[in-house]
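The values are calculated or read from the model by the stated rules, or taken from the named source; none is laboratory data. What you see is a predicted model, and the numbers here were worked out from it, not measured in a lab. Quick reminder, even Gly has a Cβ in these numbers, built from the backbone with ideal geometry, and neighbours come from all protein chains shown.
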Amino acid sequence: MSPDGAAVPLTFTVPTAVGGQLPVPVTCSKQPGSTFPLGSTIVTCTAVDALARQASCNFAVTVTAAPRISKTKFLAMGDSITEGRCGPKPNTCPPWTVRFDELLRARYTQQAFVVTNRGISGEKATTGVDRLLGELLTYNPEVLLLMEGTNDMTAEPLNETAALAALEGMIDIARGRGITVFLATIAPVAPGGPNSVAISRVVAFNIKIRELASRKAVPLVDVFGALNADVPRYYVGDDLHPTGEGLRLIGETFYAAIRTALDNTPTGSAPSFAPTFGGHGLQPVPARPGLKPGTSVQ
């Protein structure tokens, strides 16, 4: 594997000929220790015996590029769902940012990551906008992961316009500092709980979040869509806070969006280095007599 997509030196064992009139030297189109570029290279090895009879085999050397991503410092802004609240009080679970960080490190093994969670329980988007600049100055992220608005939708009186304006303001503040923003839809509200009035509000607000992401040309992370696919599974005993499994799904949803937008792994990669010998039998070169039956390269 190439850490940066550059050609790499690889060593292999030159095949030896069995049969034929000695001596039977074997030469290959690439020598052991040669550099191989990203992608698949066919190496052909040819045996020629003392009577000038030839046979050859070949194998593939495939060099893959280590996965790379263009940004490595992330800041998550949000409320208790980002903080790690799950299910009925006082339950807490590993925040979704933990799963997000795990997935980054599992794929991009040659890079180091900083994932900072600044979710605050009870926060509205209209208050998050006031603290954002301070968080950016403190943590200096390259990417803002923004999921705010659930507490705005459960508040009375509802002020959807102010909440949406706050999200837009947060996008502008971050982008004004050269920070990439990923904007998430907010999580669904499960039916049958004390916050049922917010179910339709969340649906309507997420339509506006999608429109905002499109208008501001920022990547959208559809957290609502991911959790809403199976609400009974991801909400147990609490209509606002997903279970631990639900939080993990949020992290996976953010990761998928980040990978789609920011992965810059060099192209041309293929399965890992695996030399093979086609049939292990020498194939006679048609222009010359073949070696004795049963001759092979090992």
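Of everything in the stretch 42-61 that is surrounded by 18 or more Cβ atoms within 10 Å (Cβ to Cβ) and among the hydroxyl-bearing types (Ser, Thr, Tyr), the residue that is modelled with the lowest pLDDT is SER56. Residues of the stretch 220-250 that are within 16 Å of the chain's Cα centre (by Cα) and over 19 Å from ASN206 (Cβ atoms): ARG248 alone. Counting residues in the stretch 113-128 that are closer than 12 Å to ILE69 by Cβ and without any contact (Cβ under 8 Å) to a residue 60 or more places away in the chain gives one or more.
The residue pairs whose first member lies in the stretch 149-164 and is at positive phi, whose second member is modelled with pLDDT of 95 or more, and whose beta carbons are closer than 7 Å, counting only pairs six or more residues apart or on different chains, are GLY149/ALA125; GLY149/ALA163; GLY149/LEU167; GLY149/ILE186; GLY149/PHE205. In the stretch 118-144, the residue that is farthest from ALA166 (Cα to Cα) out of those that are among the hydrophobic types (A, V, I, L, M, F, W, C) and either in contact with a Pro (Cβ under 8 Å, 6 or more places away or on another chain) or crowded, with 21+ Cβ neighbours inside 10 Å (or both) is VAL143. Scanning the stretch 84-107 for residues that are of a type in the set (D, E, K, R), surrounded by 18 or more Cβ atoms within 10 Å (Cβ to Cβ) and more than 17 Å from TYR235 (Cβ to Cβ) turns up ARG99, ASP101.
Selection over the stretch 2-41 of residues that are surrounded by 15 or more Cβ atoms within 10 Å (Cβ to Cβ), within 36 Å of the chain's Cα centre (by Cα) and assigned to a loop (DSSP other than H, G, I, E, B) gives a count of 6.
Yes or no, residue by residue, for (1) surrounded by fewer than 16 Cβ atoms within 10 Å (Cβ to Cβ); (2) aromatic (Phe, Trp, Tyr); (3) under 30 Å from ALA55 (Cα atoms); (4) at pLDDT 95 or above:
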site	(1), (2), (3), (4)
ASP172	yes, no, no, yes
VAL189	no, no, no, yes
GLU211	yes, no, no, yes
ARG233	yes, no, no, yes
ASP238	no, no, no, yes
PRO242	no, no, no, yes
TYR255	no, yes, no, yes
THR265	no, no, no, no
GLY268	yes, no, no, no
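Of the strands (runs of 3 or more DSSP E) lying entirely inside the stretch 47-137, those carrying at least 2 residues that are in the same structural domain as GLU252 (by TED's automatic domain parsing) are 73-78, 114-119.
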